[in-house]
Amino acid sequence: MTPPETPVSERPASETPAFDTTPLDLDGLESELLHAIDTASDLDKIEEVRVGAFGRKGRIPALMQEVGALPPDARKSFGQAVNRLKDRVGEALEAKQQALAGAALAEKLAQERADVTLPVRLGPLAEGRIHPVSQVTDEITEIFADMGFAIAEGPDIETDFNNFTALNIPPEHPARQDHDTFYFPEGADGARPVLRTHTSPVQIRTMLARKPPLRIIAPGRVYRSDSDQTHTPMFHQVEGLVIDEETHLGHLKWVLEEFLKAFFGVERVKMRYRASHFPFTEPSMEVDIGYAKVGDEIRIGEGDRWLEILGCGMVHPNVLKNVGLDPERYQGFAFGLGIDRIAMLKYGMPDLRAFFSADLRWLKHYGFAPLAVPTLAGGLSS
Ligand code: DAH
C-alpha cells in the first residue's frame, strides 16, 4: 500500500517548511500513520500503531531527534511542522481507540449473560456456625457480667499446688483419686504439673493475685482420664468465686437462682440444695434443678424430676489461709458448673461425644449464627 501524498505545492504557505524536508518526508509519514490508524481493526492493533508512532523508539520521537541535526534557522519551522503532525496523528489515534473500545464493550455486553435464576452463594456469615459450647459459655458470661462478675483465667497446665493442695486436697487425700488426673513428668521441684482437673485452681490464682472484694467467674477447659457416653477426657466448666467480708449462703442462693432463671429463660426455677462434700468448701452442696418431661420435651424449672447441675459451698477456711487471707475477716462462696452438661440440657443435645467429633452436619444443626451474640437485652439464644 502506498500512502497518498500531498504534493508540496498544495500545502498551505504556513506549513511550508523553510528548508528542504524531502528526505524526512513528513507528509509521507503522516499519511502512513493515518492509514495505519484507519485500518487498525482492534485495540491490540491500535496499541501497536501507537507504540510505533509515539513510543520511546517510535517514528515521531525519532523525527524529533533529527531537529538537533538541522541548521538553526530550519529548526523552528521543522519543529512546528512535527508538532502539528503529532497533534493530528494523536487526535486520529484517540478517536480510533475510543471507537474500538466502545465496539469491544458492546460486543462483550452482547455476549455476556447473567443468569439471575442461579442460587445465591452463601458467605461465611451465613454458613459458619458457633459451637454450642462457645455459645453457652458466652451466655453464662453475659449473665454473670450483668451481675457484676469479672472474667478470670488460668492455664490448662496447672501446678499440683493450685489444682489440689491449695484447694485443701493435700497429697494422699482420697479426692485426688476421684479426679482421674493426667499428670506430667516431675519438674525440677519434684512436683508433677497436671492438666487441670477442674476450674477451681483459678480461684487460687485470683486470690493470690488480687485483694478482696472479689467477684469472678472462670470458664475454661478441664481434663480427666475418663471416656464414655457422658464423659469426654476434655470438657468445660465455669467456676464462680465471691470473697468479701459479709458474704453468706443467702447471696450464693440468690446468685445461682438468678443465673438459672436467666440461662433457661424461665420466670421461676425449682432448686434443691443437697448436702455434699468438696474439700474446698464448708458447708458443701450439690444443686439439683427441677424439670418435667412432656413427651420428648424437657421443661426446666417445673415438674417433680431432679437433675444435678452444679456443686457449690462456702469457701473452706483452709483455702483462705492457703492464699494468705484471714478467715476471721473474709469469707465467700464458690461454685462449679459443667458447661457441656447444661448446654446439652438447654438445647436438647443427647450425646456429649458429638460435641468433639468435628462433624460438620452436627455443627450445622446445633450451631449458632455467628452474629447471634448472646445479650440479656437482645436475647441469650435468639
Ligand atoms: N471443682 C468441682 C469439680 O470439678 C466443682 C465445684 C464444686 C467447684 C463446688 C466449686 C465448688 O467451686 O464450690 O467437680
#### Entry: Karplus 3J(HN,Hα) series, Hz, for segment 187-200 with 6.51 cos²θ - 1.76 cosθ + 1.60 (x for Gly, Pro)
x, 4, 7, x, 8, 9, x, 10, 7, 4, 8, 7, 8, 4
### Message
Checking the table 253/293; 45/96; 76/96; 270/346 against a 19 Å threshold on Cα-Cα, which pairs fail?
### Response
253/293; 76/96
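In segment 314-382, which trypsin sites (Lys or Arg not before Pro) are in a loop and have at most 15 other Cβ atoms within 10 Å, using DSSP for the loop call? Please report the intermediate quantities before stating the final value.
Details: sites: 321, 329, 341, 346, 353, 361, 364; in loops: 329.
The qualifying sites are 329.
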#### Entry: Filtered GluC sites (Glu not before Pro), segment 202-255: DSSP coil and at most 12 other beta carbons within 10 Å
245, 246
### Query
Excluding same-chain residues fewer than 8 positions from residue 364, which aspartates and glutamates have a Cα within less than 12 Å of its Cα?
127
### Query
Regarding segment 253-382, what is the average projected area of its C-alpha convex hull, in nm²?
10.8
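How about segment 113-195: which GluC sites (Glu not before Pro) there are in a DSSP loop, with at most 15 other Cβ atoms within 10 Å of their Cβ? Don't skip to the end; give the middle numbers.
On the way: sites: 127, 139, 142, 153, 158, 172, 186; in loops: 153, 172, 186.
Answer in residue order: 153, 172, 186.
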### Message
Please give me the summed charge of the neighbours of residue 95: other residues whose Cβ is under 14 Å from its Cβ, Lys and Arg +1, Asp and Glu -1.
### Response
-1
### Task
State the answer as a single residue: which of 204, 190, 150 lies farthest towards the positive end of the charge dipole of the chain, with beta carbon charges of +1 for Lys and Arg and -1 for Asp and Glu, about the Cα centre.
204
### Message
Sort 109-115, 265-271, 77-83 by the packing proxy (mean of other Cβ within 10 Å over each peptide's residues), most packed first.
### Response
77-83, 265-271, 109-115
### Summary
Taking only the alpha carbons of the chain, the radius of gyration and the largest Cα-Cα distance, Dmax, both in angstrom, are 42.0, 122
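Explain nothing, just the number: relative contact order of the chain, from Cα pairs under 8 Å at least 6 residues apart, as a whole percent.
Working: 562 pairs, mean separation 56.6, N = 382.
Relative contact order of the chain: 15 percent.
Quick one, could you list the DSSP H helices from the chain stretching 15 Å or more along their long axis (Cα atoms) with average Kyte-Doolittle hydropathy of 0.0 or above? The partial results should precede the final answer.
Numbers: long enough: 26-39 (20 Å, 0.17); 43-54 (16 Å, 0.17); 59-69 (16 Å, 0.41); 72-111 (58 Å, -0.49); 132-146 (21 Å, 0.05); 249-264 (22 Å, 0.64).
Membrane-span-like by this criterion, though nothing is claimed about a membrane: 26-39, 43-54, 59-69, 132-146, 249-264.
Every number here is computed from the coordinates shown, using simple stated rules; none is lab data. Being a predicted model, the structure only gives us computed values, none of them experimental. Note that each Cβ is placed from the backbone with ideal geometry, even for glycine, and that neighbours are counted across all protein chains shown.
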